Structures are given as C-alpha cells and as structure tokens.
1. Can you pull out the strands (runs of 3 or more DSSP E) entirely within the stretch 104-222 that have at least 1 residues that are open to solvent by 10 Å² or more (accessible area, probe 1.4 Å), at pLDDT 95 or above and under 22 Å from VAL252 (Cα atoms)?
2. Could you tell me which of the residues ILE290, ILE253 is within 24 Å of CYS38 (Cα to Cα), buried (at least 18 other Cβ atoms within 10 Å of the Cβ), at pLDDT 85 or above and aliphatic (A, V, I, L, M)?
3. State whether one or more residues within the stretch 40-51 are of a type outside the set (D, E, K, R) and assigned to a strand (DSSP E or B).
4. How many of the residues making up the stretch 19-37 are in contact (Cβ under 8 Å) with a residue 60 or more places away in the chain, open to solvent by 10 Å² or more (accessible area, probe 1.4 Å) and part of a loop (DSSP other than H, G, I, E, B)?
5. Of a type outside the set (Val, Ile, Thr), under 21 Å from GLU65 (Cα atoms) and buried (at least 16 other Cβ atoms within 10 Å of the Cβ), is that true of LEU358?
6. Please go through the stretch 223-235 and pick out each residue that is assigned to a strand (DSSP E or B) and open to solvent by 50 Å² or more (accessible area, probe 1.4 Å).
7. Working only within the stretch 236-255, note down all residues that are of a type in the set (D, E, K, R) and either within 16 Å of HIS297 (Cβ to Cβ) or outside any strand (DSSP E or B) (or both).
8. Kindly indicate which of GLN132, GLN142 is touching a helix residue (DSSP H, G or I) at 6+ places or on another chain (Cβ under 8 Å), in contact (Cβ under 8 Å) with a residue 12 or more places away in the chain and of a type in the set (S, T, N, Q).
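The values are calculated or read from the model by the stated rules, or taken from the named source; none is laboratory data. Because the structure is a prediction, the values reported are computed rather than measured. When we count neighbours, we look across all protein chains shown, and the Cβ atoms used for this are built from the backbone with ideal geometry, even at glycine. Just the protein is used for accessible areas: all its heavy atoms, side chains included, with ligands, DNA and RNA removed. Shrake-Rupley method; radii C 1.70, N 1.55, O 1.52, S 1.80 Å.
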Amino acid sequence: MKAVVWHGEKDVRVETVPDPSIQKDTDIIIKVTSSAICGSDLHLYRVLSPIMEAGDIMGHEPMGEVVEVGSKVTNLQVGDRVVIPFNISCGHCFMCNLGLNSQCETTQVTEYDRGAALFGYTKMYGHVAGGQAEYLRVPQGQFGPIKVPKEGPDDQYLFLSDVLPTAWQAVEYAGVKEGSSVVVMGLGPVGLMSCRVALLKGASLVIGVDAVPERLAFAKESGVHVLDYKKLGNDLKDAVQALTKGRGADCVIEAVGMEAHGIASQTFIQKAAGKMPDVIAEPLLKTVGIDRMAAFHQSVETVRRGGTISLIGVYNGMVDPTPLGILFDKQITLKMGQANVKHWVDQIIPHLTDDDPLGVMNFATHHVPIGKAEEYYKLFEKQEDGVIKVVLKPFE
C-alpha cells in the first residue's frame, strides 16, 4: 500500500509499504478514504524529529471503511463506515470509565511514562502506524472506532478524529458559557474550530489571535473578532483589554503550544536538540526540554483576574518557565491535556447536521491525493498558499 513515511527532519515521502494485518483479536483493518494532516504532525516534521524513526508512518486523523475485523470485535462488521480517534483507548479501564480516554490504562506507554497510545506519533506513544496510508490497523476496535452513517461526504464526520473533540474539550475546559468573552491564541485548525465551538455555545465575543492573513480572514468569516499579532506584538494585552472593559477575557484558549514564536534561548535549545545524534537528543528532550512559551505567557496576560486558561496546544518540555506568581496573584484556573475523544463524541454528533452549524463542510482548505503529501507538508509548514487544513485522499 501507499503511505506517508517519515525519513528525517522535514523529510516525508510517499512510499509503498506492507499492508497491515490483524495482530490481535480486538483489531480491525480499515480502507482509508480520508486522512487529514494535523498541526501536531508538524511537530514530528520539525522539532520532535529526535524521537522519530525512519520508516514511521504518519497521521492520526483518518476515516474509512471496515474491511476486516478481529474475532472479539462484535460491534462492527465489514462495510461499516468509521472515524478513528487519534488516541487508542479500551473503554473499560479505570481511566476510560472516568472519561479520560487519553490516559487509557490498557494502552498507556509505561516505558516512557506517557498516556494512551496514539496513531502515528512516535515510540513514546506506542509506535503505532499512522493513518496517512491506504489501509490502517486499528487496535481496540471493539471500542475506539466511531461508526457514522454511510451517506454524506467524509468531511461531515472526518474531524471527529481529532480537531472537533480537541476544540470541544478546549472550550469545555475554558468554561465558556452564554455571554463569555474568549480569546483564542492561534488560528490553526484547532484554534479555528475552537472559535466556532465557542460561538455555538453562546460566547458573546470571540477574539482570534494569529499572524497569518489567510487564517485571520478565515476566522473573521465565522464571526470572530480578529487581532493580528504581527502588528500588535507586545500591545496584544492592551488590545484585548480595550475589547473587554479593561479586564481581559473571561477565558483564553491557548491553541499554539510548544512552537510559539519568541524567546530565543528556548528556540535555540529546540533547534539544537534536532541537530544532535538521537542517542543524545532523545534524553535531552525528555529531561530538560524547553518549549517556546510565548503564547502561554500572552494567555496569562490577556485573561482577566479569576479567569480560566484552557491549554490545548501540545507541549513536551520538562523545565518550562511558568509564571506561577502571576497565575497565583490573578487567581487563574488552568486546565489542559490531550483530548479525550470518545468522551465528547455523543455531544458533538448532533451538531453534524445538514445545516452544518460548525462549518465542517468548508473547514478543509485543500483535498489532495496522498501522492502530494510531501508537497503539502511543506506548504502547511511554511503557512503558504492559503493552506490551513489539508485532507489526503489515498485512493484518488
């Protein structure tokens, strides 16, 4: 089969690899009909390359048709249409029963002291082959896959794999309610969808912050008040306060994460680790890794006293400088974590209707054959040609 294969920093290639097969009686195999490129994939493409291995198959946002089922999978049959959550969870362990699917005790990667295994996301998360491929083996098939109607385009359901539940959790963790003012730091796919979910939940003011003109324009079309970080820089706090009666926002969703622009020393350490031999770089990232924290610090500045920050951008650092004194003084609530996909699905699906209140049908900016993956990784990474969300089509 064809698959998107990692070979090094900023080096992914579409290659022919062996087809997957059933390995456990709870596995299923799907024929992938759509598989999106996520902002988190860019972390692997760039800064997390020391914990990747040549030959790793990328991708964790797939959907498709069931073509084979293990003997203990009784809830699905060949021909069913399913979306695959990015985290792999069993549905019956202590953590899954708490709704914390991202911490599933059945698939936890204890060797690296990590949570649930993820598709296509390094040996630190289980070394499970990803879904940017023609076929995919899905562990925990008795629980994880989300069965969806056979009718309708893939885009109506595809984003249940990651973007929708991640944004939904971000908004829930932020405590957004009717009349809330919300700042969303970063208007990549998750940030953009967080804006839409916040508006759906009744936020009276959603302020989107980014520096890419196409992203700002895309958010503005959804009713978001946009602020251009490139123009504002250190004046961002003042701009938010001017819109919020001088207080700051009730809630801030930080959807940028560890590769935010700014803080040169942190940037240097990230880049240096990427150039070191893996035997040195991997332990460095696990023990003294430093993320670029600019977006988080600006979230602390722009949230009002007594407000909430929902941190949904991915971080990997172990010694990140955190302004605890300011967080304490402002009495800020901080919530964070990988999305617990299956926990939110039942709340989201009623909104995936023909009138499309979340705008999923116009969310992807590009649909391309999988053979163009290398080209579109580069465009997505460079934020060029209006590339915001790319969906790969393995059989086109």
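1. Numbers: elements: 135-138, 181-185, 205-210.
Result: 181-185, 205-210.
2. Answer to the check: ILE253.
3. In the first step, residues of the stretch 40-51 are kept if they are of a type outside the set (D, E, K, R); the result is 40, 42-45, 47-51.
Still in the running and assigned to a strand (DSSP E or B): none.
No: zero hits.
4. The total comes to 7.
5. Answer is no for this residue.
6. Across the stretch 223-235, the qualifying residue is only HIS225.
7. Scanning the stretch 236-255 gives LYS237, ASP238, LYS245, ARG247, GLU254.
8. The match here is GLN132.
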